Amino acid sequence: MKTDTERDFPLSGLYRLIDANLNRLREGIRVLEDIERFIYDNKQLSQKLKSLRHRCRINAYEQYLHERDIIGDVLKETTASESQRENLQALQLSNMKRAQESARVLEESFKLIDTEEAEQFKQIRYALYNIEKELSK
């Protein structure tokens with residue numbers, strides 16, 4: 001049996017995973033940003049979220065985009081829990097968690113190929129934890 005370090009994995013699958021989570025991360029942050037901007041008129045927090053979203057960039061993005069496979073995604077269907085939100089706070093929480101989880105996936109995935117990128121997503125994740133605390137006030 002091969003150990004984890006000896007196991008081969010398809011780089012195309014890893015790139016696909018990175019592409020999907022990068023999209024989720026930016027989308028989740030954008031929802032939060034727009035709520036703070038258009039509903040609460042909170043310039044400071046919406047600007048903080050916008051700046052954070054702009055940090056969600058990677059080198060050589062095209063190679064990851066090339067591996068995108070929406071048609072082949074085995075879990076692309078929306079689940080019942082994803083199809084509605086109880087209120088604005090639930091909408092914020094679901095998007096915050098989406099962004100945090102995606103940042104963690106990106107951090108862990110980049111540990112396999114680019115430790116500097118991994119550290120960048122770790123810092124983004126920690127920033128999201130702090131923003132989540134601000135939103136709860």
- Task: Find which of Leu52, Ser12, Leu22 sits farthest along the positive direction of the dipole of the chain, computed with +1 on the beta-carbon of Lys and Arg, -1 on that of Asp and Glu, about the Cα centre.
- Result: Leu52
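In deg cm²/dmol and to the nearest 500, what is the mean residue ellipticity at 222 nm of the chain if only DSSP H runs of at least 4 residues count, each as -39500 (n - 2.57), divided by the residue total? List each step's numbers first, then the result.
Values: 5 runs with 85 residues, N = 137.
It comes out at -21000 deg cm²/dmol, rounded to the nearest 500.
Which whole-number percent is the relative contact order of segment 12-120 (Cα, under 8 Å, 6+ apart)?
Numbers: 90 pairs, mean separation 44.3, N = 109.
Taking the mean separation of contacting Cα pairs over the length of segment 12-120, I get 41 percent.
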- Item | Loop-located GluC sites (Glu not before Pro) in segment 39-117, at most 14 other Cβ atoms within 10 Å (DSSP) | Glu77, Glu86
- Loop-resident sites, segment 18-97, for trypsin sites (Lys or Arg not before Pro), counting at most 16 other Cβ within 10 Å (DSSP): Arg55, Arg57, Arg68, Lys76, Arg85
- Query: Using 7 Å Cα-to-Cβ label points, what is the Leu17/Gln63 separation (nm, one decimal)?
  - Reply: 1.7
- Message: Using a 10 Å cut-off around each Cβ, can you sort Tyr64, Tyr129 from fewest to most neighbouring Cβ atoms?
- Response: Tyr129, Tyr64
- Measuring from its Cα centre, the chain shows a charge dipole (+1 at each Lys and Arg Cβ, -1 at each Asp and Glu Cβ) which, in debye to the nearest 20, is 540
- Charge dipole of the chain built from unit charges on the beta carbon (Lys, Arg +1; Asp, Glu -1), centred at mean Cα; most positive-end Cα among Gln92, Ser109, Gln123 is Gln92
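Since every read-out is calculated from the coordinates, none of them should be taken as a lab result. Treat the numbers as computed from the prediction; the structure is a model and nothing was measured. Cβ coordinates were reconstructed from backbone atoms using ideal geometry, including for glycine residues, and neighbour counts include every protein chain displayed.
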